[in-house]
Amino acid sequence: MYCVKCGVRLTEGVARCPLCHTPVWNPVCTEPPAQTFPDRYPMPPKSSRYPFLAFFTVVCMAVCLSALIFCLKTYNAVSWSGYVMLGIAVVYFSFFFPSWFDKPHPLVFLPLFFALTCGYLLYICLYNGGRWFLSFAFPVVMLVGLLCVVSVALFRYVKGGKLYITGGLLIAIGGSTMLIEMFEHITFGTKMFTWSLYTVSFFSLFGLFLLLAALIRPMREYLERKLFL
Amino acid sequence: MSKQWMRLDNAALIFPAVRSKRWVNVFRVSCTLTEPVDPNLLQQAVTQLMPRFPSMYVRLRRGLFWHYLEEITAPPTVREDYAYPLAHMQERELRTCCLRVLYFQNRLAVEFFHSLTDGTGGMIYLKTLTARYLSLRYGLEIPPGDGVLDWQEPPCREELEDSFLRHSGKFVLYDREPDALRLRGTYEPDFLHLTTGVIPTDSLVRAAHDHRTTVTVFLAAVMELSILELQQEHVPLAQRKPVKVTVPVNLRRLYGSKTLRNFVLTLNPGVDPRMGDFTLQELCDVMSCQLKAEATPQNMSGRIAANVTPQLNPVLRAAPLFVKNIAMRLVYSRRGESKGCINMSNLGLQRLPGAMAPYVSRLEFVVGVQRSYPNNCSVASYGRTTCVNMIRNIREPVLEQRFFSKLVELGVPVQIESNEK
């Protein structure tokens, strides 16, 4: 018995050619084909992370609860246990909570991490009666968060142009360090242009070098030849 | 008594590092007998071979700096085969035993995690296991030879050595190859399609000789021509990529090694379709020349050195395992699989001692799909039959259809068997 399309010989009794799926008509042979493999399927791979996550969640909750009870009993108020509870919440929701999902999307969880960090810093600031949150902590965390989210989005969704992206991001990082020093200057009254000039010049030069390498093909190929992994 | 352990050989180091939840590098050798397999006797044979093959009866363990293999105290339990070959070996299974012994009707099969051995080592284990099984079943006296080892002898040191370290050259040969075309299709999880082309060996040898080449090169050239045609139909000329077939070279033949562990390196002969069209004869000539030029002991020593040097580097050795794993994954994705479109792994003509030959009707070899190749091809010949096994994890059998039809056009009769329901 042969397939009329592929020309290959087929096992007696098959209903269609396994290569081109052309139906086979054989009035002489009515027997089903001999089985080459059984119908037994292996167990699908089980994810072993859920028991660990559940255990870790319970441990986190127990630590938070113990700290809260201890604080309430000792001081009749939430004192240092606020740091513990919120710190655990930040770590848990940033690093462990995404593992409950099969494919955690970084563009969802990365902003969540920075938002939580902001909330934690706000708590510390308010609890201590500080005045550094709005003028320093908030803009710095937002700036770093924005850079991270933009980098991830660009590397994830833009095909090619990795050198342009890396170069541009390095220049942006350099510029951000100057902004951070400016926030430091406004909030704490430190001197301007003490350390940020070094970082700005380093990151900007490195970024410009990568942009040049992206623009000049022979240079890019030379670097690729010399620095390949 | 403390358990024996051994380091992974140089080629084996990469496989634990690059395995994932969905993919692990496994291959299978199988033997079809003339009568149904008795699982109890097979279990007995598997148990009796434990002292003879200490490098096979092992489990994968994780150290601080390297993975290693640790001997197991109980032999693996023989199991009925699954609906498809090379079912995923989960981490738990690798931590128990890195090989599986399976049976179904007349066939007994052994599936190996690639860190244990390569196809040649696997075939030696299968032949010895089959010989022991047949001795238990029929009371045969099977003399050692033709790949069957004396099961009562202790293993010699040469069989357990890492031959890569011994045959590494003084100078490193780095090659800068362009990336090859990546075959694609609709991914099908949790099933592997196996299509076996059963071919009379004499007609295959005749067709290869008509093209003035060997069976391996002939099959690789037909495969390459099939891929070239598929690319021609779907990709405009300027965007076409080199088409290369990865051919493993058994280094035991080059260096006279007796090791039962991995001792194989791959070459990627191929052509760039942007240079023009190629006939089958031209492909045979090009690939034959490329393989002959590359597969020399001197050249291979340089290639071995390229793999061995990082393993011996004191700074890299001191890096913790998770750092090494990240580095090896990076290297593998950049250099490991990107240089070829498909494997063409040929174990060659297999022989068996005369006493067991009447009881064996077929020997087969199946290499699993690679991490980024959806197709793979492996070949083994025994007696008058050559089995060309093509495996895929995608829905479309376009490459198989093209390849086997081309063989038929060239006057090579092909009978197709498949595990599709």
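Shape of chain B from its Cα gyration tensor (a ≥ b ≥ c, root eigenvalues): rounded if a/c is under 1.5, otherwise prolate when a/b > b/c, or oblate?
Here chain B falls in the oblate category.
Looking only at B:A238, B:A293, B:A131, which one moves most when chain B is put into a Gaussian network model with springs between Cα atoms under 10 Å?
B:A238
Say R0 is 41 Å: what FRET efficiency, to the nearest 0.05, do A:I216 and A:V84 get from their beta-carbon distance?
Efficiency for this residue pair is about 0.15.
Provide the net charge surrounding B:S372, with neighbours chosen by a C-beta distance below 9 Å and charges set as Lys +1, Arg +1, Asp -1, Glu -1.
+1
Tell me the net charge near B:D81. Cut-off is 12 Å between Cβ atoms, B:D81 excluded, with +1 for each Lys or Arg and -1 for each Asp or Glu.
Charge balance near B:D81 sits at +2.
Just how far, in whole angstrom, is segment B:337-367 from segment A:1-26 if you go by their alpha carbon centroids?
Each part reduced to its Cα centre gives a spacing of 26 Å.
Amide H of B:N25 versus every other amide H placed in the peptide plane: which residues, excluding those fewer than 5 positions away on the same chain, fall under 5 Å?
For B:N25, whose amide H was placed from the backbone, the distant partners under 5 Å are B:H114.
So which lysines pass the test for A:K5, namely a Cα distance under 28 Å, with those fewer than 8 places away in the same chain ruled out?
Correct list for A:K5: B:K244, B:K406, B:K421.
Cα centroid distance between segment B:189-236 and segment A:60-126, in Å?
If you average the Cα positions of each part, the centres end up 60 Å apart.
How do A:C3, A:C64, A:C29 rank when sorted from fewest to most other Cβ atoms within 10 Å of their own Cβ?
A:C29, A:C64, A:C3
Under 5 Å between amide H atoms, partner at least 5 residues away or on a different chain: which partners does B:T266 have, H built in plane at 1.01 Å?
Result for B:T266 returns B:V249.
Projected onto the charge dipole of chain B (+1 at Lys/Arg Cβ, -1 at Asp/Glu Cβ, origin at the Cα centre), which of B:I304, B:G185, B:N375 gives the Cα projection farthest towards the positive end?
Toward the positive end, the furthest listed residue is B:I304.
Place a point 7 Å from Cα of A:N26 in the direction of its Cβ. Which residues in segment B:88-132 have their backbone N less than 17 Å from it?
none
Go ahead and estimate [θ] at 222 nm for the protein assembly as shown from helices alone: -39,500 (n - 2.57) per DSSP H run with n ≥ 4, summed, over the residue count, rounded to 500.
-13500 deg cm²/dmol
Is the shape of segment B:158-289 best called rounded, prolate or oblate, per the rule: a/c under 1.5 gives rounded, else a/b larger than b/c gives prolate, else oblate, with a ≥ b ≥ c the square roots of the Cα gyration tensor eigenvalues?
prolate
Between beta-carbons, use under 11 Å as the cut-off and find the net charge around B:A109, counting Lys and Arg +1, Asp and Glu -1.
Once all neighbours under 11 Å are counted, the net charge is 0.
Counting only the backbone N, which residues of segment A:113-151 are under 19 Å from the spot 7 Å out from the Cα of A:V91 toward its beta-carbon?
A:113-124, by backbone N distance to the label point.
For segment B:9-22, in order, what is each residue's ³J(HN,Hα) by Karplus, 6.51 cos²θ - 1.76 cosθ + 1.60 with θ = phi - 60°, in whole Hz (x at glycine and Pro)?
Running phi through 6.51 cos²θ - 1.76 cosθ + 1.60 with θ = phi - 60° gives 6, 4, 6, 6, 4, 6, 5, x, 6, 9, 5, 9, 5, 9 Hz.
Given R₀ = 60 Å, FRET efficiency for A:V63-B:L140 by Cβ-Cβ distance, to 0.05?
0.35
Taking the Cα centre of the protein assembly as shown as the origin and placing charges on Cβ (Lys, Arg +1; Asp, Glu -1), which of B:L225, B:L330, B:L194 is farthest toward the positive end of the dipole?
About the Cα centre, the residue reaching furthest to the positive side is B:L330.
Starting from the Cα gyration tensor of chain A, take the square roots of the eigenvalues, sort them a ≥ b ≥ c, and report rounded, prolate or oblate (rounded when a/c is under 1.5, otherwise prolate if a/b is larger than b/c, else oblate).
Because a/c hits 1.5 or more and a/b fails to exceed b/c, chain A counts as oblate.
For A:M1 and A:L107 in the same chain, what is the full-extension length gain: residue separation times 0.36 nm, less their Cα-Cα distance, in nm?
Between A:M1 and A:L107, full extension yields 32.5 nm more.
Read phi for every residue in segment B:28-45 and hand back ³J(HN,Hα) as whole Hz from Karplus 6.51 cos²θ - 1.76 cosθ + 1.60, θ = phi - 60°, with x for Gly and Pro.
In residue order, the calculated couplings are 9, 10, 9, 9, 9, 9, 7, 10, x, 7, 8, x, 5, 5, 5, 4, 4, 5 Hz.
Give me the extension gain from B:S20 to B:L165: residue separation times 0.36 nm, minus the current Cα-Cα distance, reported in nm with one decimal.
Gain on stretching B:S20 to B:L165: 49.5 nm.
Dipole of chain B, Cα-centred, from +1 at each Lys and Arg C-beta and -1 at each Asp and Glu C-beta, to the nearest 20 debye?
The dipole magnitude comes to about 1340 debye.
Each residue of segment B:263-270 in turn: what ³J(HN,Hα) in whole Hz from Karplus with 6.51, -1.76, 1.60 and θ = phi - 60°, glycine and Pro shown as x?
Whole-Hz 3J(HN,Hα) from phi for segment B:263-270: 8, 9, 10, 10, 10, 10, x, x.
Kirkwood-based Rg over Rh for the protein assembly as shown (C-alpha set), two decimals?
Taking Rh as the inverse mean 1/r over Cα pairs, Rg/Rh reads 1.04.
For a quick check: with amide H placed at 1.01 Å from N, whose amide H comes under 5 Å from B:D118's, ignoring anything fewer than 5 positions away on the same chain?
B:N262, B:F263
Rg to Rh for segment A:62-108: what is it, with Cα atoms only and Rh by Kirkwood?
We get a ratio of 1.19 for segment A:62-108.
Mind listing the lone cysteines of chain A, meaning no other Cys beta-carbon sits under 4.7 Å from theirs?
A:C20, A:C29, A:C60, A:C64, A:C71, A:C118, A:C125, A:C148
Would you mind checking the tilt of helix A:81-91 against the longest principal axis of the Cα atoms of chain A, expressed as 0 to 90 degrees and rounded to 10?
With rounding to tens, the tilt is 40 degrees.
Quick note: the coordinates plus some simple rules give every number you see, no bench work behind them. For clarity, every value in this text was computed on a predicted model and none was experimentally measured. Cβ sites come from the backbone with ideal geometry, for glycine too, and all protein chains shown count toward neighbours.
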